[in-house]
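Here the structure comes first, spelled out in structure tokens, and everything after it is commentary.
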Amino acid sequence: MRLRIDCAYDGADFSGWAAQPTLRTVQGTLEDALATALRIPQARITVAGRTDSGVHARGQVAHLDVEPDVVTASAGRSTDPPLDALARRVDGILPPDLRVRRISEAPDGFDARFSAIWRRYAYRIVDAQELADPLVRGHVLTWPRRLDLGAMNAASAPLVGLQDFAAFCKQREGATTVRTLLDLAWRRDAAGLVVGSVRADAFCHNMVRALVGSLIAVGEGRQPTTWPAEVMAGRRRDAGVRVVHAHGLTLEEVGYPDDAELAAQSERARAKREAIDA
């Protein structure tokens, strides 16, 4: 059976998602806990989107394939449904900065990575001294100057759509930088924090943090509202684009189609990826 694992984590003390020898990663920590809870030699999970070092997640999704009798046996004497018992057992093993929100049986055709149709991130900024809160300093970027959200939204609008984001990505050999940016908008929350919400079919390395850096330059008046689009049109990294710190970034949610479309979406995404890698 395939298990869907919804989890959240504080990325401050993790060296990103992907398992790496000798480093503390989200994947490695979660796989070790699952293997212990299920009493199997190892667990190999697939994730919706790999987060970089220091990036947080509130709505990360992964999947694990395991035999049904292994799940049943792991519940032991618990009278709770086996997957509920498994989620509690895993949470009891995990450190406090990584939590499993739920474990459920995935519908047919579900793939945490390839079935996803979008990922949504939020970037949070405090841009006024009176709004500074040391209790959330690990999740919010402190900026010394007030930001003009109207200008930032005006600069964001031309970036939406199917575009080549090479100017905002750390390029990897053989990897495409073409993405569909579904929306990018800025607002202030009830506490007055600046919140940028960005949603796309997928993201390349450093893309969100570079986009935010360029839009901050507009928000504080150092660049005109047309500048980010001009940078993107150049299709190469611009020295003027600052990649902001990771700790202000959180993966909020991963979107999937209706169950009937999961398998088809997975096949389309996998074929696209194979074409890119070829």
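Can you tell me which residue is farthest from Arg119 (Cα to Cα) among those in region 225-278 that are hydrophobic (A, V, I, L, M, F, W, C) and at pLDDT below 85?
Residues of region 225-278 that are hydrophobic (A, V, I, L, M, F, W, C), as a first pass: 227, 229, 231-233, 239, 241, 243-244, 246, 249, 251, 254, 260, 262-264, 269, 271, 275-276, 278.
In the following step, the residues that additionally are at pLDDT below 85 were identified as 239, 271, 275-276, 278.
Values: Ala239: 27, Ala271: 19, Ala275: 21, Ile276: 20, Ala278: 25 Å.
Taking the candidates together, the pick is Ala239.
With respect to Val136, is the statement that it is of a type in the set (Val, Ile, Thr), within 17 Å of Ala122 (Cβ to Cβ), out of contact with any helix residue (DSSP H, G or I) (no Cβ under 6 Å at 6 or more places or on another chain) and modelled with pLDDT under 95 true?
Values: of a type in the set (Val, Ile, Thr): yes; within 17 Å of Ala122 (Cβ to Cβ): yes; out of contact with any helix residue (DSSP H, G or I) (no Cβ under 6 Å at 6 or more places or on another chain): yes; modelled with pLDDT under 95: yes.
Yes; evaluated as a whole, the condition is true for this residue.
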Practice item. Return the total of residues in region 68-110 being under 27 Å from the mean Cα position of the chain (by Cα) and not in a helix (DSSP H, G or I). Key: 17
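Against the definition (over 30 Å from Cys169 (Cβ atoms), touching an Asp or Glu at 6+ places or on another chain (Cβ under 7 Å) and in contact (Cβ under 8 Å) with a residue 24 or more places away in the chain), how does Arg58 come out, yes or no?
Working: over 30 Å from Cys169 (Cβ atoms): no; touching an Asp or Glu at 6+ places or on another chain (Cβ under 7 Å): yes; in contact (Cβ under 8 Å) with a residue 24 or more places away in the chain: yes.
Answer is no for this residue.
Of all residues in region 1-16, count the ones that are in a strand (DSSP E or B) and either touching a helix residue (DSSP H, G or I) at 6+ places or on another chain (Cβ under 9 Å) or over 12 Å from Val47 (Cα atoms) (or both). Don't jump to the end; show me each part of the working.
Going through region 1-16, the residues in a strand (DSSP E or B) turn out to be 2-9.
Next, from what is left, pick out any that are either touching a helix residue (DSSP H, G or I) at 6+ places or on another chain (Cβ under 9 Å) or over 12 Å from Val47 (Cα atoms) (or both): 2-3, 5, 7-9.
Total satisfying the criteria: 6.
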Exercise for review: May I ask you to verify whether Arg124 is touching a residue at least 12 places away in the same chain (Cβ under 8 Å), basic (Lys, Arg), crowded, with 18+ Cβ neighbours inside 10 Å and not assigned by TED's automatic domain parsing to the domain that holds Pro228?
Suggested key: no
Review point. Would it be correct to say that Val140 is of a type in the set (Val, Ile, Thr) and either within 30 Å of Cys204 (Cβ to Cβ) or within 19 Å of the chain's Cα centre (by Cα) (or both)?
Key: yes
Exercise for review: For region 56-67, indicate whether the set of residues that are over 18 Å from Glu252 (Cα atoms) and over 24 Å from the mean Cα position of the chain (by Cα) is non-empty.
Suggested key: yes
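I'd like to check which helices (runs of 4 or more DSSP H) are fully inside region 162-278 and have at least 2 residues that are surrounded by fewer than 19 Cβ atoms within 10 Å (Cβ to Cβ) and touching a helix residue (DSSP H, G or I) at 6+ places or on another chain (Cβ under 9 Å). Break it down into steps so the answer makes sense when it comes.
On the way: elements: 207-219, 227-234, 262-277.
The qualifying helices (runs of 4 or more DSSP H) are 227-234.
If I go through region 22-52 residue by residue, how many of them are among the polar types (S, T, N, Q) and surrounded by 17 or more Cβ atoms within 10 Å (Cβ to Cβ)? Reasoning before the result, please.
As a first pass, look at region 22-52 and keep what is among the polar types (S, T, N, Q): 22, 25, 27, 29, 36, 42, 46, 51.
Retained after the next criterion (residues that are surrounded by 17 or more Cβ atoms within 10 Å (Cβ to Cβ)): 25, 27, 29, 51.
The number of residues fulfilling the criteria is 4.
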Study note, to complete from the structure: All-but-one check, Val231 against (1) within 20 Å of Gly59 (Cβ to Cβ); (2) over 20 Å from the mean Cα position of the chain (by Cα); (3) β-branched (Val, Ile, Thr), failing number (1)
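The values are calculated or read from the model by the stated rules, or taken from the named source; none is laboratory data. All values derive from a computational prediction rather than experimental measurement. Positions of Cβ are backbone-derived with ideal geometry, glycine not excepted, and every protein chain shown enters the neighbour counts.
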